[in-house]
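A quick write-up on the structure given underneath.
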Amino acid sequence: MSIESVLQENRLFAPSAEFAAGARVKSLAEYQAMCQHAEADYEGFWANLAREHLTWHKPFTQVLDQSNPPFYKWFADGELNVSYNCLDRHLPDLAHKIAVIFESDNGTVTKVTYAELHRLVCQFANGLKSLGVTKGDRVVVYMPMSIEAVVAMQACARIGAIHSVVFGGFSAKSLQERIIDAGAKIVITANGGVRGGKIVPLKATTDEALALGGCECVERVIVYKRVVHEDAPWTIGRDMWWHDLVKGKPETCEPTWVNAEDPLFILYTSGSTGKPKGVQHSSAGYLLGAVNTMLLTFDYRPDDVFWCTADVGWITGHSYVAYAPLAVGATQVIFEGIPTYPDAGRFWQMIERHRVTTFYTAPTAIRSLIKLGSDLPKQYNLSSLRLLGSVGEPINPEAWMWYHEVVGGGRCPIVDTWWQTETGSHMITPLPAAIATKPGSCTLPIPGIMVDIIDEAGEPVEKGKGGFLVIKKPFPSQVRTLWKDPERFKKSYFPEEYGGKYYLAGDSAHKDADGYIWIMGRIDDVLNVSGHRLGTMEIESALVGNSKVAEAAVVGRPDPIKGEAVVAFVVLKGARPAGDEAKALVAELRDWVAKEIGAIAKPDDIRFGDNLPKTRSGKIMRRLLRTIAKGEQITQDISTLENPAILQQLQEAV
Ligand code: WTA
């Protein structure tokens, strides 16, 4: 999205009176009153919410501890259990309410009630305990989308173990790195995942990861039997079936009460350097963010059927699949498959089938479904929908309008939610009955979230200007540190250049005349490919890990479907290839990156040069590479360039 398109977008969609009538926050005035309350009594505001929305085993007396910035603590002397808050507390009233409607890749539906989910979690938690897993131990979860993935996460929470979910699309190498960094004692996986009719060999990949070495910390691999066919050998003494582990285990399990600040999970995400960051979240503050936004952003109502399409391997799947819907006692849909199988009507068919009221997905999915079948939604009855959500990347106004008109029938507000792995829950989003929306803007912050946009000097920008997005005050669901790397935590989010005061989100943003926020994109070397965060350095180090590659530089190129596409400029150790040889090398390097990181990181375009464009001091001129990647004419000053001749080479597609 460019500044020009933002400045031209002035359509305004006010919430309907009908929607507002039943809503939690009914008007702009109510929203403003909440914001003012938070301004006037910040700690009191959050303390009230923490008492109202969470069930405490031991009530807290302290609210925000700022004694050691930026390592903030919330509710630090309180005790609770996250799984208790998601399950047990609903049992008196909601035992027979459906918690999860699971639809498999081929359309089989399984439903579990809160009572059943509670039993599944307790039995599995008892299973983990029987293997010696205790509070603070790390458990890596490498699972397909399933009820069991949620059970695994909730069971860890129940016994105070720290889960680290690794997205099933990540490679053996990525899995190995995360297992080692987290020091995981247990890996939970499945003998296969099923997506679009194809089997994803998760157990085989787990074996491969462990065989790469350095994973001596892992004592057990627990395997959920998802497919009949077993593709991986069994390591006796290490591997164990999920169903064998839970057999005969008691159906209740006393929750382990943890401190509010005890880590609930670590989730690895991409940053500016090659090594992924282990974002560490707390128990109470994280859960509060999830519940609060489930109620405010999604305006949760007890008869809702909520569907967030994100995989549990990403933060969206943590907060809005594994935790928030359960914490409020909602019925949610969990989907194993992909939006285009058996055809591009799958989402719409599922909305009709399960009478989904609240649908939350990513712009990239919307854009690809527009392309594949813009009329398909009309073939289904989507009248159950009352609210639509968007997450993960900027949504372009055209996709927003289609979502609004074709999917939402012009009737459903759209909540465009800006947030990050590090923020744990929504930060900037319209509250659907209170804030009029503009296509492409995530609008205004959640009450109690002190967002601003600052310039290079650290001063807030005026309306109509752009700059760096910051959060000025610590908030409960904020990342606590990077696992085993507090220094990197400080440097990444509270850099000295900005006085170390504010949380620097890493996004640039623009504030329009009404004070609405428009996210423009990352300011660091992070790409957003189909809503997934990828570090350019991560892909570069994967490429140079190939024995044929001498040097590589990766940049993003705007892409109409994926948001950004990955373009790699590669210098080989041997001569620059041409013709079929170049084509074969492109294929080889794409597969190599898929093996090193995962298929999501495969470069869309690879260009070969005898060198990269560098300044005399040897710095790669990335701005030039971005221009070349876009196929645009170079208008930048290239007088400092050591080797202008290679620009020509890099412009030639293979
Ligand atoms: C981007 C995903 C514009 C942003 C929840 C952020 C967005 C990064 C939006 C975090 C949005 C996320 N509009 N950009 N509504 N939501 N982003 O950690 O650049 O995977 O910094 O968290 O995605 O990605 P992450």
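Look at 419, 257, 402 and count the other Cβ atoms within 10 Å of each Cβ; fewest to most, that gives 257, 402, 419.
Between region 238-296 and region 353-391, the C-alpha centres lie 29 angstrom from each other.
In order along region 568-574, the phi-based Karplus estimate (6.51 cos²θ - 1.76 cosθ + 1.60, θ = phi - 60°) of 3J(HN,Hα) comes to 10, 10, 10, 10, 8, 6, x Hz; Gly and Pro are listed as x. At the listed q of 0.13, 0.17, 0.20 Å⁻¹, the Debye profile of region 222-369, built from one uniform point per Cα, gives log10 I(q)/I(0) equal to -0.88, -1.26, -1.30. Considering helices alone, the calculated mean residue ellipticity of the chain at 222 nm is -8500 deg cm²/dmol, with DSSP H runs of length four and up weighted by -39500 (n - 2.57) and normalised per residue. With a Förster radius of 45 Å applied to the C-beta separation of residue 652 and residue 91, the computed FRET efficiency comes to 0.10. Close amide H partners of residue 77, meaning residues 5 or more places away or on another chain with modelled amide H under 5 Å apart, are 61, 62.
Spin-label model, residue 548/residue 303: points 7 Å from Cα along the beta carbon direction are separated by 6.2 nm. Dividing the mean sequence gap of close Cα pairs (under 8 Å, 6+ apart) by how many residues region 97-225 holds gives a relative contact order of 23 percent. Here the chain is treated as a Stokes sphere of Kirkwood radius computed over C-alpha pairs; at 4 °C and 1.567 mPa s its diffusion coefficient rounds to 51 µm²/s.
Basic side chains Lys and Arg get +1 at the Cβ, acidic Asp and Glu get -1 at the Cβ, and with that the dipole of the chain about its Cα centre reaches some 680 debye. Around the Cα centre of region 530-650, unit charges on the Cβ atoms of Lys, Arg, Asp and Glu (plus for the first two, minus for the last two) sum to a dipole of about 220 debye. Residues whose amide H falls under 5 Å from that of residue 331, counting only those 5 or more places apart or on a different chain, are 306, with hydrogens built in the peptide plane. Taking every C-alpha pair closer than 8 Å and separated by at least 6 residues, the mean separation divided by the residue count of region 530-650 gives a relative contact order of 24 percent.
From the alpha carbon centroid of region 95-147 to that of region 494-539 is 35 Å.
State the extension gain, in nm to one decimal, for the chain segment bounded by residue 640 and residue 130, taking 0.36 nm per residue of separation less the distance between their alpha-carbons. The residue 640-residue 130 span can extend by a further 177.1 nm. If I take every Cα pair under 8 Å that is 6 or more residues apart in the chain, average their sequence separation and divide by the length, what percent do I get for the relative contact order? So the answer I get is 13 percent. No solvent, one uniform scatterer per C-alpha: report log10 I(q)/I(0) for region 344-400 via the Debye equation at q = 0.12, 0.15, 0.22, 0.24 1/Å, two decimals. Ignoring solvent entirely, the Cα scatterers give -0.26, -0.41, -0.90, -1.05. Using the Cβ-Cβ distance between residue 229 and residue 108 with R0 = 22 Å, the FRET efficiency computed as 1/(1 + (r/R0)^6) comes to roughly 0.85. If the label point is 7 Å along Cα→Cβ of residue 610, which residues in region 558-572 have backbone nitrogen under 20 Å from it? Counting backbone N atoms under 20 Å from the label point, the list is 569-572. With the charge dipole of the chain set up from +1 on Lys and Arg Cβ and -1 on Asp and Glu Cβ about the Cα centre, the Cα lying farthest toward the positive end among the listed residues 322, 188, 430 is that of 188.
To the nearest 0.05, what FRET efficiency results for residue 29 and residue 524 with a Förster distance of 45 Å applied to their C-beta separation? After rounding to 0.05, the efficiency reads 0.75.
Near the amide H of residue 446, within less than 5 Å, lie the amide hydrogens of 428, 429, all on another chain or at least 5 residues away, with H placed in the peptide plane.
Taking the Cα centre of the chain as the origin and placing charges on Cβ (Lys, Arg +1; Asp, Glu -1), which of 101, 28, 356 is farthest toward the positive end of the dipole? It is 101, whose Cα lies furthest towards the positive end. Shape of region 530-650 from the C-alpha gyration tensor: oblate (a/c of 1.5 or more and a/b not above b/c, with a ≥ b ≥ c the square roots of its eigenvalues).
When Rg and Dmax are taken over the Cα atoms of region 159-271, they come to 15.1, 44 Å.
Rule-based calculations on the coordinates, nothing more; no lab input. Please read these numbers as outputs of a predicted model, since none were measured by experiment. We place every Cβ from the backbone using ideal geometry, glycine too, and count neighbours over all the protein chains shown.
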